[in-house]
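To start, the structure under review is shown below, and the notes come after it.
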Amino acid sequence: QVELVESGGGLVQPGGSLRLSCAASGTLLNIVSMGWYRQAPGKQRELVAIIRYSGINTNYADSVKGRFTISRDNAKNTVYLQMNSLKPEDTAVYYCNLEQWPANRYWGQGTQVTVSA
């Protein structure tokens with residue numbers, strides 16, 4: 001089993017920045033990737049950013065490219081999402097995700113990010 005604990009959400013003004021953290025614990029073997037998803041009210045959960053554990057490959061949603069950066073610290077089993085130039089449309093609950101070979105998928109409890117003046 002794997003547990004994911006997110007932190008770093010909150011209220012920020014448009015144009016501001018936030019940094020989300022996700023710490024993983026438990027049986028951390030055969031990790032394929034870690035990433036961030038988000039879900040706004042009335043919308044489906046969508047991929048924000050993902051990073052492969054075997055290398056440095058990353059993938060971002062078009063809507064966040066150039067503004068968000070995903071990174072990881074394997075020694076701490078932690079993944080980060082640096083969010084800059086935040087917009088009101090970035091408002092959502094952000095969920096950490098971990099994919100483990102062969103087919104296990106884990107989610108954090110979610111952290112609220114609100115971008116508002």
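The values are calculated or read from the model by the stated rules, or taken from the named source; none is laboratory data. Everything numeric in this text was worked out from a predicted model, so none of it was measured. Cβ atoms come from the backbone with ideal geometry, glycine included; neighbour counts cover every protein chain shown. Please note that ligands, DNA and RNA were not included when accessible areas were found on the heavy atoms of the full protein model with its side chains. Shrake-Rupley method; radii C 1.70, N 1.55, O 1.52, S 1.80 Å.
List pairs: first in segment 37-53 and of a type outside the set (Gly, Ala, Ser), second buried (at least 19 other Cβ atoms within 10 Å of the Cβ) and assigned to a loop (DSSP other than H, G, I, E, B), Cβ under 9 Å, 6+ apart or cross-chain?
What qualifies is VAL48/VAL64.
Scanning segment 102-117 for residues that are within 13 Å of SER7 (Cα to Cα) and of a type in the set (S, T, N, Q), which turns out most open to solvent (accessible area, probe 1.4 Å)?
GLN109
State which residue is farthest from SER85 (Cα to Cα) when the search covers only segment 1-52 and only residues that are among the acidic types (Asp, Glu) and open to solvent by 30 Å² or more (accessible area, probe 1.4 Å).
GLU3
Is there any pair with a first residue in segment 105-117 that is in contact (Cβ under 8 Å) with a residue 24 or more places away in the chain and a second that is assigned to a loop (DSSP other than H, G, I, E, B) and hydroxyl-bearing (Ser, Thr, Tyr) whose Cβ atoms are under 8 Å apart and which are 6 or more apart or on different chains, and what are they?
What qualifies is VAL113/THR91; THR114/THR91; VAL115/THR91; SER116/THR91.
Of the residues in segment 66-89, how many are open to solvent by less than 40 Å² (accessible area, probe 1.4 Å), within 13 Å of ALA49 (Cα to Cα) and not hydroxyl-bearing (Ser, Thr, Tyr)?
6
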